[in-house]
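Below: one structure, written as structure tokens.
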Amino acid sequence: MATDERGSLFTWPEWDLLNGQHHLLAEATNLAREHSDPDRSLVYPLLDAASDSTTTLRRLIRALRVSDGYVIARVVYETCVNASFILTDPQKLARRAQRHAKQKALRDLERSIELAGRKVVSLRWEGSDEVLADPENQELLREFTSRSGREITAWTPENVRQRLEVIQRHFGEDTVRGLAFGLLLYRHASEIAHGTLYGALFSWGAMEPGGPPRSTEQMRSFRVEQTRLLLLLIGHTLESVNRILGQELGDPTLSMRATEVLSAYSARPRPRSEGHKTAGWRES
């Protein structure tokens, strides 16, 4: 079992935070699946996906995989933001999400790749003509097509930060604090997911203000700090989401238990050596 100067990575206190919130998310997922309101129930597949990705994230963190860990953490985070955003106005936003999903499926019936003006790959479902000719399907496609004739790929015009602001106005700053905290991972995860040089160098620790790791031990220390940070950020993210879900899905005890898990983590004894930051960083 991998260890560092603090002992086994399985003893990190951040595990208790993430595991506790992950367990509550599973409860919330079942509540959404069985909910009588179809608009609120629509968040079920999102919550199920977020739970699955959290399981993947846990495996990556156990292996100290910083790069892939950031990418999957972003998947968990943005899925949670979308579910929370839908619950600010379920009737309107759940139906928008449904329409977006359906027109995406329609576009998938005909797929092609063009390079330099030439079609190089083309796939077409044999029954696509009949389906695409349906007037209702034509209307769906028009809704997500710009005036220039290009697909509108985003399901909602608000970017992640704007969605978060809507969530905060609706549910309150205290409830949404964890989601705001989780936004800290978004920029770095985007760079890694887009395959930029910065993203690759960041995942090595090469972009730290104090310089890159100069030994195997320093590299391991960097990975430990970053993976613990991911546990912390996603733990906070799920705490906010569980509080929102408890409120919106009719189980106030879920909100209360999510707060209790976070409080237990915050109240734990903290050795002077404990930290979640790369050397030199402090919260301001």
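Summary of computed values
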read-out: Test result for residue 51, within 22 Å of residue 16 (Cβ to Cβ) and either crowded, with 24+ Cβ neighbours inside 10 Å or within 11 Å of the chain's Cα centre (by Cα) (or both); value: yes
read-out: Extreme residue, surrounded by the fewest Cβ atoms within 10 Å (Cβ to Cβ), among residues of segment 220-229 that are closer than 19 Å to residue 191 by Cβ and not aromatic (Phe, Trp, Tyr); value: 225
read-out: Listing of helices (runs of 4 or more DSSP H) fully contained in segment 35-115 that carry 2 or more residues being closer than 30 Å to residue 219 by Cα; value: 43-62, 66-86
read-out: When residues of segment 77-93 are limited to those that are among the polar types (S, T, N, Q) and touching a Leu at 6+ places or on another chain (Cβ under 8 Å), the one nearest to residue 52 (Cα to Cα); value: 79
read-out: Count of segment 235-265 residues which are over 13 Å from residue 26 (Cβ atoms) and assigned to a helix (DSSP H, G or I); value: 21
read-out: Out of 110, 130, sole residue that is at pLDDT below 95, out of contact with any strand residue (DSSP E or B) (no Cβ under 7 Å at 6 or more places or on another chain) and surrounded by fewer than 17 Cβ atoms within 10 Å (Cβ to Cβ); value: 130
read-out: Restricting segment 143-168 to residues that are basic (Lys, Arg) and closer than 22 Å to residue 102 by Cβ, the residue that is surrounded by the fewest Cβ atoms within 10 Å (Cβ to Cβ); value: 147
read-out: The listed residue being hydrophobic (A, V, I, L, M, F, W, C) and more than 29 Å from residue 19 (Cα to Cα), out of 183, 141; value: 141
read-out: Residue check, residue 123 touching a residue at least 12 places away in the same chain (Cβ under 8 Å) and crowded, with 16+ Cβ neighbours inside 10 Å; value: no
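The values are calculated or read from the model by the stated rules, or taken from the named source; none is laboratory data. Bear in mind the structure is a predicted one, so any value in this text is a computation, not a measurement. Cβ atoms come from the backbone with ideal geometry, glycine included; neighbour counts cover every protein chain shown.
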